[in-house]
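The values are calculated or read from the model by the stated rules, or taken from the named source; none is laboratory data. Computed from a predicted model, the values in this text were never measured in an experiment. Note that we place each Cβ from the backbone using ideal geometry, even for glycine, and neighbour counts take in every protein chain shown. Side chains included, ligands, DNA and RNA excluded: accessible areas come from the protein's heavy atoms. Shrake-Rupley method; radii C 1.70, N 1.55, O 1.52, S 1.80 Å.
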Amino acid sequence: MSAIAFPAPDAGILARRDSIVAGLSRLVPPQALITSDDERRPYETDALTAYRRLPLAVVLPSTTQEVAAVLRYCRDEGVPVVPRGSGTSLAGGAIPQEDAVVIGVSKMSRILEIDYANRVARVQAGVTNLAVTGAVSAEGFFYAPDPSSQLACSIGGNIGMNSGGAHCLKYGVTTNNVLGVTMVMLDGSIVEIGGGHLDSPGYDLLGLINGSEGQLGIVTEASVRILRAAEGARPVLFGFPTSEQAGAAVAAIIGAGIIPVAMEFMDKPAIEICEAFAKAGYPMDCGALLIIEVEGSDAEMDAQLARIVAIAREHGVTTVKESKSAMEAAAIWKGRKSAFGATGRIADYICMDGTIPTGQLPLVLRRMDEIVKSYGLRVANVFHAGDGNLHPLILYNCNDPVEAQKAEDAGMDILKLCVEVGGCLTGEHGVGIEKRDLMTFQFNEADLAQQMRVRAVFDRQWLLNPAKVFPLEGRVAA
């Protein structure tokens, strides 16, 4: 039984399915329209696989104009639309409804222009995150946001959820690296917001679109910042006896004004899981591990690491292991980047996503462990420690409904804890369906009403990704 509620499908839309599909078939080529049960099945869920709904139909446009035609048609027919990138959302952001048409951007996968002089690349929304760096790396450039799913996740999905990654501590998340978008509105109109420059006049509409979870329109193209790669980079492993000591070291490093490129945390369960999979050379005799990466010239890296090591020693560090080669550096990051997949080898899990002030890390790490143990479950913690973006992996047996409910309840308690200590419900996964009903815990009635009024300006009928973000009860019009 689904614990998270979905809106009841519109019986009138379901009854008109054949005519709606016929109308869609006049707008896109046959290979862009998916209607059979078997072919729709891969689109019934995303990375939050505990929930699934078979969509009314799936459309995979190849151009902005096709997206515009389909959106206009769905608006006129009153049919809900669920935008989809690569389906890697861990919060259920791309899970459809039975009466909704999924519009996926996976066929829009071309890199349209690279301007090295102005450090910008223009790409279609279906381009994968890692493909941007792949296209510019030969010239010594890279695209900074690097989610763990970067091999698969799309730029369009990254914009929808404002994704981050290990290197967001220094370089920021998606919103800090997107300069402009082409977006299709619900009525089919195509708008250009921002462009190939660092700032735009008027309201910061890009800031509104990044993280809007496909509820304001569908992004089909984006202009993203590309950056010069640093002269050198060096990840270092720091082992601590306890998670609390590692968390205190993180808070002290940030408090000292030191901003490494990345600062990643793993507790003992995560260390054991990742080392068994990646053979990265992680220290197995510690209770928690930090991966801290610095970059620059050798002199700059040496100076920054000296300060970091001194602070780590004040907090009881027992292991300091510096990578000595590109192969060792790659192995260190392979272990971290494969954490979610490696954990899936040993158990089912729910990956949570909340953000806290870094000064609260020691308290929150202790309380998270207590929360999960109180439900009789286990947790493996691996997250972006430098900006307080937590990703506890709550382990459970998905074939046991009681355990599944306990895992969800434990996750909700952790997210409430994040809010209680001054943080928020999400850092980079978005709200989706997973955290939708906790929005009233983060925001009061007036806050939510104002957000919904802004949303409704773009979509008065609540047709764009309607089951997501805002509680189903108490929704307001523009």
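For residue 441, put the label point 7 Å out on the Cα→Cβ axis and report which residues of segment 382-413 keep their amide N under 18 Å from it. Correct set: 389-395, 404-413.
In the context of the full set of protein chains, residues of segment 367-455 present 40 Å² of accessible surface per residue (probe radius 1.4 Å, heavy atoms only). Look at (i) 22.4, 69; (ii) 22.0, 65; (iii) 31.5, 96: the one that is Rg and Dmax of the Cα atoms in Å derived from this structure is (i). Taking each residue as 0.36 nm, the span from residue 197 to residue 454 lengthens on full extension beyond its C-alpha to C-alpha distance by 89.9 nm.
For segment 147-305, what value does the Rg/Rh ratio take when both radii are computed over Cα atoms and Rh is the Kirkwood radius, given to two decimals? All intermediate terms of the calculation are to be shown ahead of the outcome.
Values: Rg = 19.4 Å, Rh = 18.2 Å.
Checking Rg against Rh, the ratio lands at 1.07.
I'd like the carbon and sulfur percentage of the solvent accessible area for segment 418-470, probe radius 1.4 Å, heavy atoms only, ligands and nucleic acids excluded. Walk me through the numbers on the way to the answer.
On the way: 1100 of 2100 Å².
Carbon and sulfur together cover 52 percent of it.
Other residues with beta-carbon under 11 Å from the beta-carbon of residue 368 carry, at +1 per Lys or Arg and -1 per Asp or Glu, a net charge of -1.
Which net charge results when you count Lys and Arg as +1 and Asp and Glu as -1 among the other residues whose beta-carbon is under 12 Å from that of residue 307?
Numbers: positive: 313; negative: 300, 302, 314.
Once positives and negatives cancel, what remains is -2.
Accessible area per residue for segment 163-315 is 37 Å², calculated with a 1.4 Å probe on protein heavy atoms, without ligands, DNA or RNA.
Size check on segment 414-463: the Cα extents along the three principal axes, sorted descending, read 35, 22, 16 Å.
Among 454-462, 35-43, 149-157, the peptide with the highest mean count of other Cβ atoms within 10 Å heads the list, and the full ranking is 149-157, 454-462, 35-43. Simple spin-label estimate for residue 65 and residue 421 gives 5.4 nm between the two label positions (7 Å along the Cα-to-Cβ direction from each Cα). Only Lys, Arg, Asp and Glu carry charge here, each on its Cβ (+1 for the first two, -1 for the last two); on that basis the chain has a dipole of about 380 debye about its Cα centre.
Applying a 10 Å radius around every beta-carbon, put 237-246, 45-54 in order of their mean neighbour count, most first.
Numbers: 237-246: 22.5, 45-54: 17.9.
Descending packing order for the listed peptides: 237-246, 45-54.
Note down the net charge around residue 278, summing +1 for each Lys or Arg and -1 for each Asp or Glu among other residues with Cβ under 11 Å from its Cβ. Computed value for this residue: +3.
Over segment 45-107, average the accessible area per residue using a 1.4 Å probe and give it in Å², no decimals.
Numbers: 1680 Å² over 63 residues.
Using a 1.4 Å probe on heavy atoms only, each residue of segment 45-107 averages 27 Å².
Expressed as a whole percent, the accessible surface of segment 1-69 that belongs to carbon and sulfur atoms is 54, based on a 1.4 Å probe.
Magnitude of the charge dipole for segment 88-247, about its Cα centre and with charges confined to Cβ atoms of Lys, Arg (+1) and Asp, Glu (-1), is about 500 debye.
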